Amino acid sequence: MIDGSTALGFLLRDERDTCAPAALAAIERGVPTYIPAHCFVETTNGLLMAERRKRVTQSDVTEALSLLGALPIITDSETAAKAGSETIALARQYGLTIYDAAYLELAMRRGASLATSDLQLANAAADAGVILIPVSQPSSTSTGSD
């Protein structure tokens, strides 16, 4: 599993996350990768914010979205149904946004490891027993869509 921060790590050329390319390579090798539906929205928002900050061009964003859409990523169909029960409970327990708790809930439900550069989500995942795919330098903030 990847979250929006990891997706941005391999979509934005100026990101310094050295493990995001490894996550991309795993996806391209066919490692089953699940995401909640909002991951595409969150990642697109991160790309738009990078465009507004002049880190990338509109053409770069279009190219990144094309790459993201072409990846064999599986959008989980149960995430929305879990939002008002398991996911909100995890958000409360770990002080996460509902968006980040959805990644945690999905990883737990699927028994999947999680790649994230969001420190709060990484700490919650570790506390919940989710295996973290090592990423470099977790940030204290997420992609800006929380």
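Residues in the range 99-131 near a label at residue 85, defined as backbone nitrogen under 16 Å from the 7 Å Cα→Cβ point?
102, 105-106, 108-110
For residue 98 and residue 59, FRET efficiency with R0 = 30 Å and r from the beta-carbon atoms, rounded to 0.05?
0.35
Order 83-94, 33-44, 49-60, 120-131 from most to least packed using the mean count of other Cβ atoms within 10 Å.
Listed from highest to lowest mean packing, they are 33-44, 120-131, 83-94, 49-60.
So if we plug the beta-carbon distance of residue 28 and residue 132 into 1/(1 + (r/R0)^6) with R0 = 22 Å, what FRET efficiency do we get, rounded to 0.05?
Approximately 0.60, to the nearest 0.05.
Just to confirm my numbers, what's the Cα centroid distance between the range 63-110 and the range 4-31 in Å?
18 Å
Counting each DSSP H run of 4 or more residues in the chain as -39500 (n - 2.57), what helix-only mean residue ellipticity at 222 nm follows after dividing by all residues, to the nearest 500 deg cm²/dmol?
Working: 8 runs with 78 residues, N = 146.
Computed ellipticity for the chain at 222 nm equals -15500 deg cm²/dmol.
Which FRET efficiency value, to the nearest 0.05, is calculated for residue 16 and residue 113 with the Förster distance at 22 angstrom and r the Cβ-Cβ distance?
The calculated FRET efficiency here is 0.50.
Which one of 111, 22, 81 is farthest out on the positive end of the charge dipole of the chain, using unit charges on Cβ (Lys, Arg +1; Asp, Glu -1) and the Cα centre as origin?
Most positive-ward Cα: 22.
Just so you know, all these numbers are worked out from the coordinates, no wet-lab data involved. Keep in mind the model is a prediction, meaning the values are calculated, not measured. We place every Cβ from the backbone using ideal geometry, glycine too, and count neighbours over all the protein chains shown.
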